[in-house]
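Enquirer: Just dropping this structure here.
Since every read-out is calculated from the coordinates, none of them should be taken as a lab result. Bear in mind the structure is a predicted one, so any value in this text is a computation, not a measurement. With ideal geometry, Cβ positions are generated from the backbone for all residues, glycine too; neighbour counts draw on all protein chains shown.
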Amino acid sequence: MAARKSHHPARERDQLPAAAENLSVEAEVDLLGYCAREWKGETSRAKLMRKAYEELFWRHHIKCIRQVKGDNYDALRSVLFQILSQGLSLPSWMKEKDIVKLPEKLLFSQGCNWIQQYSFGPEKYTGPNVFGKLRKCVELLKSQWTEFSGIKDQHKRGNMCNCLFSDESLEYKLYEALKFIMLYQVIEVYEQGKSEKAIPSLYRLLFSRETSSDPLSFMMNHLNFIGDTCGLQQIDMLILGHSLEVKIKVFRLSKFNTRDFEVYYPEEHHREWPEICLLTENDRHYHIPVFQV
């Protein structure tokens, strides 16, 4: 697999070097060393990126970076990797409900048989068996998340993460489960809005768009493409953070020296929600920063 060309200012999505092609989240490397390799030259963008990385190093005490496989699941991968590697607990609402039963609940209790048109990333799978397929994905997410959150030894969690995130078939099931969790939350909030209950502003923004005015259009026009032809947009990041009850802090390096350099998804987060951190050079592909302990 070809190495990336550091001098190109408008680079394509990152690829893993051949020596680590089975790992979708690479081992830690020195942040400034990574920056020096990736952003050589004297273009305005290269200079901006070097300054942004220096800011992360000196002001935010980020000393290392973990590169994340550059496909259309990478935002989900970056978030889930940190949730599991940090041993975070299941969201409160997931503890109260059996999330494994949610696909059937939507079918039988809420009549959402349109979910038969759900698409599993690049696998164009539709039809009546979609609910069983979704159930298996959600079951895997619940079991893995529960297992990781019960492990107190950080070194053991790290080794387990390396195993899990080198198995594509398991990974993709987990990401499809996260997509379904996002869809479930959108359906729940949409129903609340119909009964004139107050809903978070991020969902008002979602439903104000013509392409996502209801859960079906959100699924058909946005969610079904994630993992296939596109990754998460900023509105999707908001929904993901809200659904998983985490504060997703993102350093947007292309926005260095602006108010949008550091953003949270969602902005309306609860103080007690755990925080995870990502960095992005282009708002499409995400890496994992590692802070100095």
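Enquirer: Using only the alpha-carbon atoms, how far is helix 154-164 inclined from the longest principal axis of the chain? Give it as 0 to 90 degrees, nearest 10.
Expert: Its long axis makes an angle of about 70 degrees.
Enquirer: Which value in Å is the Kirkwood Rh of the chain over different Cα pairs?
Expert: Hydrodynamic radius (Kirkwood, Cα pairs) of the chain is 20.0 Å.
Enquirer: I'd like the GluC sites (Glu not before Pro) in segment 160-228 restricted to DSSP loop residues with at most 13 other Cβ atoms within 10 Å, sorted by number. If you can, show how the numbers build up before the last one.
Expert: Values: sites: Glu168, Glu171, Glu176, Glu188, Glu191, Glu196, Glu210; in loops: Glu196.
Hits after loop and neighbour filter: Glu196.
Enquirer: Label segment 210-273 by shape, choosing from rounded, prolate and oblate, from the square roots a ≥ b ≥ c of the eigenvalues of the Cα gyration tensor; if a/c is under 1.5 it is rounded, and otherwise prolate applies when a/b is larger than b/c, oblate when it is not. Each step should come with its number before you reach the end.
Expert: Details: a/c = 2.33, a/b = 1.47, b/c = 1.59.
It comes out oblate by the Cα gyration axes.
Enquirer: Loop-only GluC sites (Glu not before Pro) in segment 211-293, please: DSSP not H, G, I, E or B, and at most 16 other Cβ atoms within 10 Å.
Expert: Details: sites: Glu245, Glu262, Glu267, Glu268, Glu272, Glu275, Glu281; in loops: Glu245, Glu267, Glu268, Glu272, Glu281.
Hits after loop and neighbour filter: Glu267, Glu268, Glu272.
Enquirer: Using the Karplus curve 6.51 cos²θ - 1.76 cosθ + 1.60 with θ = phi - 60°, what ³J(HN,Hα) values do you get for each residue of segment 84-97, in whole Hz, with x for Gly and Pro?
Expert: With coefficients 6.51, -1.76 and 1.60, one gets 6, 5, 8, x, 5, 7, 4, x, 4, 5, 6, 6, 7, 10 Hz.
Enquirer: Add +1 for every Lys or Arg and -1 for every Asp or Glu among the other residues with Cβ under 10 Å from the Cβ of Pro122, and state the total. Before the final figure, lay out the partial values.
Expert: Working: positive: Lys124; negative: Asp71, Glu123, Asp228.
Overall, the nearby charge balance is -2.
Enquirer: Can you tell me what percent of all Cα-Cα pairs in segment 157-231 are more than 18 Å apart?
Expert: Counting every Cα pair in segment 157-231, those more than 18 Å apart make up 50 percent.
Enquirer: Suppose every Lys and Arg Cβ carries +1 and every Asp and Glu Cβ carries -1, with no other charges. What dipole size does segment 161-230 come out with about its Cα centre, to the nearest 20 debye? Before the final figure, lay out each step's value.
Expert: Values: 6 positive and 10 negative charges, 61 e Å.
That gives a dipole near 300 debye.
Enquirer: Angle between the Cα long axis of helix 168-194 and the longest principal axis of the chain, 0 to 90 degrees, nearest 10?
Expert: That helix lies at roughly 60 degrees to the long axis.
Enquirer: Once R0 is set to 22 Å, what does the formula 1/(1 + (r/R0)^6) return for the Cβ-Cβ distance between Ser109 and Phe225, expressed as a FRET efficiency to the nearest 0.05?
Expert: On the way: r = 28 Å, r/R0 = 1.25.
Calculated transfer efficiency: 0.20.
Enquirer: If you don't mind, there's one more thing I want to ask. Which one, Ala46, Thr146, Ser243, is farthest towards the positive end of the dipole of the chain when Lys and Arg carry +1 and Asp and Glu -1 on their Cβ?
Expert: Among Ala46, Thr146, Ser243, the one farthest towards the positive end of the dipole of the chain is Ala46.
Enquirer: Still on this structure, please answer the following. Whole angstrom only: what separates the Cα centroid of segment 178-206 from the Cα centroid of segment 133-160?
Expert: The two parts, judged by their Cα centres, are 26 Å apart.
Enquirer: Could you state the angle between the C-alpha long axis of helix 44-58 and the longest principal axis of the C-alpha atoms of the chain, as a value from 0 to 90 degrees rounded to the nearest 10?
Expert: Helix 44-58 sits roughly 80 degrees off the main axis of the chain.
Enquirer: If you don't mind, another one. Between Ser213 and Lys63, what FRET efficiency comes out of the Förster formula 1/(1 + (r/R0)^6) with R0 = 41 Å and r the beta carbon distance, rounded to 0.05? Mind showing how you got there, number by number?
Expert: Working: r = 45 Å, r/R0 = 1.09.
Working from the Cβ atoms, E equals 0.35.
Enquirer: Quick check: the distance between the Cα centres of segment 80-117 and segment 227-279, to the nearest angstrom?
Expert: Cα centres, segment 80-117 to segment 227-279: 20 Å.
Enquirer: A further question on this structure: Calculate the spin-label point distance for Lys97 paired with Gln116, positioning each point 7 Å from the Cα along the beta-carbon direction, and give it in nanometres.
Expert: In this crude spin-label approximation the distance works out to 2.3 nm.
Enquirer: Then there is this: Considering the alpha-carbon set of segment 122-164 alone, what are its Rg and its Dmax in angstrom?
Expert: Cα only, segment 122-164: 14.5, 42 Å (Rg, Dmax).
Enquirer: Still on this structure, please answer the following. Go ahead and run the numbers for FRET between Lys47 and Leu170, Cβ-Cβ distance against an R0 of 45 Å, rounding to 0.05. Present the calculation step by step, with values, prior to reporting the outcome.
Expert: On the way: r = 41 Å, r/R0 = 0.91.
Approximately 0.65, to the nearest 0.05.
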